[in-house]
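One structure is given here, and the rest of the page talks about it.
The values are calculated or read from the model by the stated rules, or taken from the named source; none is laboratory data. This one's a predicted model, so the numbers in the text were calculated from it and none came from an experiment. Glycine gets a Cβ as well: all are built from the backbone with ideal geometry, and neighbour counts include every protein chain shown. Surface areas here come from the heavy atoms of the whole protein model, side chains and all, with no ligands, DNA or RNA. Shrake-Rupley method; radii C 1.70, N 1.55, O 1.52, S 1.80 Å.
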Amino acid sequence: MKRSTRYAARLLASILLGLNSGVSIRASDRIELAGDVVQYLLPATAAGLTLGYKDGEGALQLGESAALTLGVTYSLKYSIDEKRPNGRRHSFPSGHSSISFSSAEFMRKRYGWEYGIPAYAAATFVAYSRVEAREHHPYDVIAGASIGALIIILQPLPCPNGA
């Protein structure tokens, strides 16, 4: 987490100061940082939709499914203990991907494809960013995405708009 904060600070400094040569951030670091940010934006957007639609039932379902998604993901992550491409531990499955795809599928199932398509595109970018940053193997993000989406697919979510 400290590494992401450091990159965010460097990116902000380069934007604010307009320095292209003094502060350089590799493209892969920018992709990783963007993926980290989008990972939080997706569930925040889903939560914002429940507020915007005054959908208390949806908010509870989002919270329950996020907790279940993260519970399954981290149970597997710590019981399997797969090595990451960068040599660190706890690679399988990708938590970034599981929560991103859970949020995307929640928006699609609850509010329709007009929210689902952009959410799935953003979740796919998050998964790509994890592989590009050498934080995960492709099978880690596929498993994370599957866990996140399947938990929502298998839940009986009544959809207020009939999506």
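Would you check which residues across region 62-109 are among the β-branched types (Val, Ile, Thr) and open to solvent by 10 Å² or more (accessible area, probe 1.4 Å) and list them? If the condition is that a residue be among the β-branched types (Val, Ile, Thr) and open to solvent by 10 Å² or more (accessible area, probe 1.4 Å), then Val72, Ile80, Ile99 are the ones that fit. For Arg110, the stated conditions do not hold, so it cannot be described as at pLDDT below 95 and part of a loop (DSSP other than H, G, I, E, B).
Just one of the listed residues (Ala127, Ala145, Ala121) is surrounded by fewer than 20 Cβ atoms within 10 Å (Cβ to Cβ), modelled with pLDDT of 95 or more and either not aliphatic (A, V, I, L, M) or not in a loop (DSSP other than H, G, I, E, B) (or both), and it is Ala121. Given the conditions (1) buried (at least 18 other Cβ atoms within 10 Å of the Cβ); (2) at pLDDT 95 or above; (3) not basic (Lys, Arg), report the number of the one that Asp36 does not fulfil. Among (1) buried (at least 18 other Cβ atoms within 10 Å of the Cβ); (2) at pLDDT 95 or above; (3) not basic (Lys, Arg), the lone unmet condition for Asp36 is (2).
Annotation note: of Leu60, Leu70, the sole residue that is in contact (Cβ under 8 Å) with a residue 24 or more places away in the chain and either part of a helix (DSSP H, G or I) or over 21 Å from Ala143 (Cα atoms) (or both) is Leu70.
Report yes if some residue within region 75-84 is polar (S, T, N, Q) and over 16 Å from Glu32 (Cα atoms); otherwise report no. Checked against the condition, which is being polar (S, T, N, Q) and over 16 Å from Glu32 (Cα atoms), region 75-84 yields at least one hit.
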